[in-house]
Amino acid sequence: MKSDFNTLEVNGHLALQDLACLYEITRNLASAVQLQTCLEKVVAILVEMKCMENGTITIVNPISRELEIEVAHGITAEARNRGKYKIGEGITGRVVATGEPIIVPQIGEEPLFLNRTRTRGDEQKKKSSFLCVPIQVGNQSIGALSVDRVYKEGFGSQSEQDLRFLTVVSWLIAQTVQRVQDVNKEKESLLKENQKLKRELAAKNRITDIIGNSSRMQEVFEMVHRVANSNATVLLRGQSGTGKTLVAKALHHNSSRSAGPFIVVNCSALPENLLESELFGHEKGAFTGAHERKHGRFELAEGGTLFLDEIGEISPAVQIKLLNVIQERTFQRLGSGTILKSDIRLVAATNRDLENAVEEGHFREDLYYRLNVFPVYLPPLCERRTDILLLAEHFLEKYSKENNKKITRISTSAIDFLIQYHWPGNVRELQNCMERAVLICDGSAIKSIHLPPTLQRPELAESGNPLSLAASVENFERELIVDALKQTNGNQTKAAKILDTSLRIINYKIHNYGIDPGQFKIK
């Protein structure tokens, strides 16, 4: 038996008891965060305040397109699992398919009532009425709300009032479902965006982003790829500024621990007493000034990678404790007797000659062998000269963007100076050099005059003598002429015009500086 109304006017039709019940339902739905929890409260309120038994909310599964019981009051989980219907099947399926409410005055006399949950016996079917209303979002039915009522003669007027009431409740449920779904979509969108940003951040530290095509760096890449996904301790060897920290990050982000933390400790930056506390943590009152518990870096790196930079600088006392952690994979906070387990991947780095330090007794031999499981040697920049221009152009692009400058190239003379310099500070020195050049350059190209004085005459830089004014002027003048010849494809007359000088002076300077204009002609 179908109800013949589609709209609802609340005013004048709902008793005070109905309004009180609606107030409780609305209050619970308004604060809903977990949809299932609030829906369970709704059916419980219907039972308590309206004496409606077997309150059930059925929702369309978007994948199987079947109706499944989301919440049901007073029935077992096994019975809920049995309560599945195809759209259009049975009373509930028909309500969802048509979008119209249905009243069954006496369940036992209605052949469409399927009783899939098997919760109603024969006697109960004779005594119960069934009311079912659709839950609609817009014009689409997403589920149904149904209840049982004690069957009474002359049930008609009461059933119509109950149906109006349930329609209001179903509308409130629909609004809540839509709101929670919108919130969940937004959360999912934010989660995807967060994951995307994490992937982008991880990509910045992958081994493919370490600049270098030289054979020496190819060897480093091969070693990193071999060890990245293991738990083996890695010891990075090399001069200061060769990129050990960058390689350590690449090891972490290419490992199975990439989702965990990457914690860095510069062992040379802390005195012995502070380093021990920094590594292992301490309890409140462990020493003067320990006002609260502190978690050490071993705890903070749990499940991830701990990078100990300048490992060769730690004191003998800390060496012993570090050896115990590496051997036993356990440690204790200062002032605590509790043994903590450590699940970390250890990467260490040093620019010291550890073998010599072991011979001299400054570094424990057993710790050296524990750290030196998989050594990776990073070559100095002077041994990978084919990478200098690649690195320089990378830093040029980076600092040009950061400083909103349109510097597109490095001049030939500046490239010559970059290649010839011996780079005692390695990649870090080159990075600082290019940042300085970008800051003082006002044109579209980095010229030799923009480089630090130590680079402009490499042979003098190595001897420690400063660059003279005459040499600086000569370098700058030569670079201007070369750039003009490049622009004019070696045409000296046009080059003289660009430089606002005479052809005779240009010819004299070209001869004096040993410049070959023919090399700039397009062949």
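The values are calculated or read from the model by the stated rules, or taken from the named source; none is laboratory data. Quantities reported herein were computed from a predicted structural model and do not represent experimental measurements. Note that each Cβ is placed from the backbone with ideal geometry, even for glycine, and that neighbours are counted across all protein chains shown.
Being loosely packed, with under 14 Cβ neighbours inside 10 Å, assigned by TED's automatic domain parsing to the domain that holds Ser159 and not acidic (Asp, Glu) narrows it down to one residue among Gln136, Gln140; which is it?
Matching residue, one of Gln136, Gln140: Gln140.
For the range 13-89, which fully contained strands (runs of 3 or more DSSP E) count at least 3 residues that are of a type in the set (A, V, I, L, M)?
Strands (runs of 3 or more DSSP E) meeting the threshold: 53-60, 66-72.
Looking for whichever is closer than 24 Å to Asp353 by Cβ, assigned to a loop (DSSP other than H, G, I, E, B) and either among the aliphatic types (A, V, I, L, M) or not assigned by TED's automatic domain parsing to the domain that holds Ala349 (or both) here; the options are Ala259, Ala232, Ala248. Which one fits?
Criteria check complete, one pass: Ala232.
Within the range 342-357, can one find any residue that is assigned to a loop (DSSP other than H, G, I, E, B), modelled with pLDDT of 90 or more and aliphatic (A, V, I, L, M)?
The answer is yes, given that some residue of the range 342-357 is assigned to a loop (DSSP other than H, G, I, E, B), modelled with pLDDT of 90 or more and aliphatic (A, V, I, L, M).
Look at the range 45-61 and say how many of its residues are of a type in the set (S, T, N, Q) and at pLDDT 85 or above.
2
Out of Ile515, Ile419, Ile407, report the one residue that is at pLDDT 80 or above and part of a helix (DSSP H, G or I).
Ile419
Out of the residues in the range 139-149 meeting the condition of being more than 14 Å from Ile173 (Cα to Cα) and touching a strand residue (DSSP E or B) at 6+ places or on another chain (Cβ under 7 Å), tell me which one is modelled with the lowest pLDDT.
Applying the filter and picking the extreme gives Arg149.
Does Asn54 satisfy the criteria of being buried (at least 16 other Cβ atoms within 10 Å of the Cβ), assigned by TED's automatic domain parsing to the domain that holds Val169 and either closer than 20 Å to Ser159 by Cα or without any contact (Cβ under 8 Å) to a residue 24 or more places away in the chain (or both)?
Judged against the criteria, Asn54 is a match.
Take the range 31-59 and flag every residue that is among the β-branched types (Val, Ile, Thr) and farther than 24 Å from Ser129 by Cα.
Once the filter is applied, which keeps residues that are among the β-branched types (Val, Ile, Thr) and farther than 24 Å from Ser129 by Cα, the range 31-59 yields Val33, Thr37.
Tally up the residues in the range 95-133 that are in contact with a strand residue (DSSP E or B) (Cβ under 7 Å, 6 or more places away or on another chain), under 30 Å from Arg179 (Cα atoms) and surrounded by fewer than 20 Cβ atoms within 10 Å (Cβ to Cβ), please.
Qualifying residue count for the region: 2.
Looking at the range 423-450, which of the residues that are at pLDDT 90 or above and assigned to a loop (DSSP other than H, G, I, E, B) is nearest to Asn403 (Cα to Cα)?
Cys441
Every residue in the range 240-274 that is buried (at least 19 other Cβ atoms within 10 Å of the Cβ) and over 19 Å from Arg345 (Cα atoms), please.
Those that are buried (at least 19 other Cβ atoms within 10 Å of the Cβ) and over 19 Å from Arg345 (Cα atoms): Gly241, Thr242, Gly243.
Has the range 282-292 got at least one residue that is at pLDDT 85 or above and surrounded by 20 or more Cβ atoms within 10 Å (Cβ to Cβ)?
No, there is no match, as no residue in the range 282-292 is at pLDDT 85 or above and surrounded by 20 or more Cβ atoms within 10 Å (Cβ to Cβ).
For Tyr85, which of the numbered conditions (1) under 19 Å from Arg65 (Cα atoms); (2) surrounded by fewer than 19 Cβ atoms within 10 Å (Cβ to Cβ) fails to hold?
In the conditions (1) under 19 Å from Arg65 (Cα atoms); (2) surrounded by fewer than 19 Cβ atoms within 10 Å (Cβ to Cβ), Tyr85 misses (2) alone.
So Gly108 passes all but one of these: (1) within 19 Å of Gly55 (Cβ to Cβ); (2) among the small types (Gly, Ala, Ser); (3) not in a loop (DSSP other than H, G, I, E, B). Which condition number does it fail?
Among (1) within 19 Å of Gly55 (Cβ to Cβ); (2) among the small types (Gly, Ala, Ser); (3) not in a loop (DSSP other than H, G, I, E, B), Gly108 violates only (1).
Check Arg364, Arg428 and return the single one that is crowded, with 18+ Cβ neighbours inside 10 Å, out of contact with any Phe, Trp or Tyr (no Cβ under 9 Å at 6 or more places or on another chain) and closer than 26 Å to Val234 by Cβ.
Result of the check over Arg364, Arg428: Arg364.
Given the conditions (1) touching a strand residue (DSSP E or B) at 6+ places or on another chain (Cβ under 9 Å); (2) in contact (Cβ under 8 Å) with a residue 12 or more places away in the chain, report the number of the one that Asn229 does not fulfil.
(1)
Taking the condition surrounded by fewer than 20 Cβ atoms within 10 Å (Cβ to Cβ) and among the β-branched types (Val, Ile, Thr), does Ile326 pass?
Yes: the conditions hold for Ile326.
Does any residue in the range 476-487 that is without any contact (Cβ under 8 Å) to a residue 40 or more places away in the chain come within less than 6 Å, Cβ to Cβ, of a residue that is among the basic types (Lys, Arg) and surrounded by fewer than 21 Cβ atoms within 10 Å (Cβ to Cβ) six or more places away or on a different chain, and which pairs are these?
Cβ pairs passing all conditions: Ile481/Lys509.
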